[in-house]
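K.L.:
Input: one structure, supplied below.
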């Protein structure tokens, strides 16, 4: 279930980057990148704790 949360957060981050690029909004792109990086870190943490 936690994997799903990380995947959804990463997908939202990618969407934020894409929409920020289309709208020329550097703030939205930054938030998208931060969300993707956070989701990857969360996913790695979940995998490492599961072992």
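K.L.:
With 5 Å bins from zero, work out the P(r) of the chain over every alpha carbon pair and list the percent per bin.
P.N.:
Histogram of Cα-Cα distances, whole percents per bin: 5, 26, 24, 18, 12, 8, 5, 2, 0.
K.L.:
Would you mind putting 17-28, 32-43 in packing order, based on average other-beta-carbon counts within 10 Å, highest first?
P.N.:
Ranking the peptides 17-28, 32-43 by packing returns 32-43, 17-28.
K.L.:
So, one more: At 222 nm, what helix-only mean residue ellipticity would the chain give, in deg cm²/dmol to the nearest 500, using -39500 (n - 2.57) for each DSSP H run of four or more?
P.N.:
-32500 deg cm²/dmol
All of the numbers you see were taken from the coordinates with simple rules; none came from a lab. The shown structure was predicted, so the numbers you read here are calculated from the model rather than taken from an experiment. All Cβ positions, glycine included, derive from the backbone under ideal geometry; neighbour counts span all protein chains shown.
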